[in-house]
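The structure appears right after this line, and notes come after that.
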Amino acid sequence: MRTLGLSFVALTLTAAGCSSDSYTPTGTGPAAKLYCNSSGKNAFDTFGAAAFVAVNESIFTNVGTEIGAHMTTNLGDSFGKVGTGMPASTADGAAAFKGTLAAFLVYVYGGPDSIKYTDGVTYNGKGEDMVTAHTGLAITSAQYDYFVANIVVPALTTNGVTMDDVSSCFAPPITSAAFKASIVGQ
Ligand code: HEM
């Protein structure tokens, strides 16, 4: 068992695949050395930028479907505040939210520090602070767990990520207690 010291979480790796000595991850984000069972490489180097964009788009599609079906029952009222600036963490509009989430996920999972998103704007993932991004939203533990299980995991699997890779190279950072605590109850 190896333990990586991360900027926002101490991540304990138990199920990561092995990688060849010649492989050097593209990026330096917190999960850059968390390897997928399918490939022995990190998630970004396994699936690539286009897949991260597709998953990110699916996350927002799934949120829209969820809110259309159940309104605030499972995810709360946070997403309805996007772009209002109340609280201040929602000042970014939907487009910037989308681009920033994509860049953050790319960075975390071992890609470059920033990416140009589909709107042509370059968004930085490195340096995104989850406490600041969620301050005033009062996201609950149940909402967080629902979001991971019913929004994020389906976004991955509908884009072809196997559950084995979800478990080995995607889940650990976002299911860690420390990362969750940076978002819940802020
Ligand atoms: C895997 C867990 C999560 C990750 C990685 C994540 C990531 C992010 C990032 C990177 C931002 C910054 C966006 C920006 O700067 O524009 C953000 C903002 C936000 N997040 Fe999360 N988040 C997570 C969980 C949640 C949950 C569970 C909710 C609600 C139930 C939520 C609701 C929001 C909202 C409403 C914003 C503000 C967007 C804006 O108006 O700028 N997030 N999140």
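The values are calculated or read from the model by the stated rules, or taken from the named source; none is laboratory data. None of the values given here were measured: they were computed from a predicted structure. Virtual Cβ from ideal backbone geometry, glycine too; neighbours counted across all protein chains shown.
Screening Gly160 on (1) assigned to a helix (DSSP H, G or I); (2) more than 8 Å from the ligand (Cβ to nearest atom) shows it passes everything except condition (1).
Of all residue pairs spaced 6 or more apart or on separate chains, those with beta-carbon atoms under 6 Å, a first member in region 96-121 that is touching a residue at least 60 places away in the same chain (Cβ under 8 Å) and surrounded by 18 or more Cβ atoms within 10 Å (Cβ to Cβ) and a second member that is in a strand (DSSP E or B) and aliphatic (A, V, I, L, M) are Val106/Ile115. From the list Ser168, Ser182, the one residue that fits, being of a type outside the set (Lys, Arg) and either more than 13 Å from the ligand (Cβ to nearest atom) or part of a loop (DSSP other than H, G, I, E, B) (or both), is Ser168.
Any residue that is touching a Ser or Thr at 6+ places or on another chain (Cβ under 6 Å) and among the hydrophobic types (A, V, I, L, M, F, W, C) - is there at least one of those in region 143-158? Taking every residue of region 143-158 in turn, at least one turns out to be touching a Ser or Thr at 6+ places or on another chain (Cβ under 6 Å) and among the hydrophobic types (A, V, I, L, M, F, W, C). The criterion of being more than 11 Å from the ligand (Cβ to nearest atom), farther than 26 Å from Ser39 by Cβ, modelled with pLDDT of 95 or more and surrounded by fewer than 20 Cβ atoms within 10 Å (Cβ to Cβ) does not hold for Ala142. Would you point out which residue out of Leu101, Leu75 is within 14 Å of the ligand (Cβ to nearest atom), in a loop (DSSP other than H, G, I, E, B) and at pLDDT 95 or above? Step by step, each of Leu101, Leu75 is checked, and only Leu75 is within 14 Å of the ligand (Cβ to nearest atom), in a loop (DSSP other than H, G, I, E, B) and at pLDDT 95 or above. Inspect region 146-154 for any residue being of a type in the set (Ser, Thr, Tyr), in contact (Cβ under 8 Å) with a residue 40 or more places away in the chain, surrounded by fewer than 19 Cβ atoms within 10 Å (Cβ to Cβ) and in contact with a Leu (Cβ under 7 Å, 6 or more places away or on another chain) and give the result as yes or no. Yes, because at least one residue in region 146-154 is of a type in the set (Ser, Thr, Tyr), in contact (Cβ under 8 Å) with a residue 40 or more places away in the chain, surrounded by fewer than 19 Cβ atoms within 10 Å (Cβ to Cβ) and in contact with a Leu (Cβ under 7 Å, 6 or more places away or on another chain).
Scan region 49-60 and give yes if some residue there is in contact with a Leu (Cβ under 7 Å, 6 or more places away or on another chain), within 15 Å of the ligand (Cβ to nearest atom) and over 24 Å from Thr140 (Cα atoms), otherwise no. Yes, region 49-60 contains a residue that is in contact with a Leu (Cβ under 7 Å, 6 or more places away or on another chain), within 15 Å of the ligand (Cβ to nearest atom) and over 24 Å from Thr140 (Cα atoms).
Pairing each residue of region 68-87 that is more than 11 Å from Thr140 (Cβ to Cβ) with any residue that is surrounded by 12 or more Cβ atoms within 10 Å (Cβ to Cβ), provided the two are 6+ apart or on different chains, yields C-beta distances under 6 Å for Phe79/Val63; Lys81/Thr90; Val82/Thr90; Val82/Phe97; Gly83/Gly93; Thr84/Thr90; Gly85/Ala91; Pro87/Gly136. Within region 155-175, the residues that satisfy the criterion of being of a type outside the set (A, V, I, L, M, F, W, C), under 12 Å from the mean Cα position of the chain (by Cα) and crowded, with 18+ Cβ neighbours inside 10 Å are Pro172, Pro173.
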